[in-house]
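Notes to accompany the following structure.
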Amino acid sequence: MSIYRGDLMKHWYDFPEDVDLSMNGKRWSKDDLADLVGFYDTLGPYSIALMLSRSYKTTCGKYWELKKQGKIEKYKQIFKDGNYY
């Protein structure tokens with residue numbers, strides 16, 4: 001049974017078993033934030049959560065937090081420049 005429905009994942013608990021979601025307290029790196037913001041509109045939160053090995057809820061919450069703080073454009077520019085690795 002496929003866990004994907006089109007491009008999007010159905011539920012956070014449908015993640016493959018090799019993905020470690022025990023990220024309690026792990027800080028977001030600059031690279032993670034740039035990827036989150038840069039891919040959010042195209043891939044969506046489910047796919048980004050899988051890519052970053054984080055839960056769907058954490059991914060959406062972090063994006064909302066960055067948006068509230070007005071930091072989305074900053075990380076979009078870092079992503080576009082592509083020199084964050």
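What order do you get for 44-52, 26-34 when each peptide is scored by the mean count of other beta carbon atoms within 10 Å, highest first?
So the order, starting with the most tightly packed, is 44-52, 26-34.
Quick check for you: with a 1.4 Å probe and neighbouring chains kept, what is the accessible area per residue of segment 33-85, in Å²?
Value returned for segment 33-85: 59 Å² of accessible area per residue.
For segment 24-85, state what percent of all Cα-Cα pairs lands in each successive 10 Å bin, counting from 0 Å until the bin that includes the largest distance.
23, 60, 17, 0
The values are calculated or read from the model by the stated rules, or taken from the named source; none is laboratory data. Every value quoted in this text rests on a predicted model; they were computed, and no experiment measured them. Cβ atoms come from the backbone with ideal geometry, glycine included; neighbour counts cover every protein chain shown. Note: accessible area is taken over every heavy atom of the protein model, side chains too, but ligands, DNA and RNA are not part of it. Shrake-Rupley method; radii C 1.70, N 1.55, O 1.52, S 1.80 Å.
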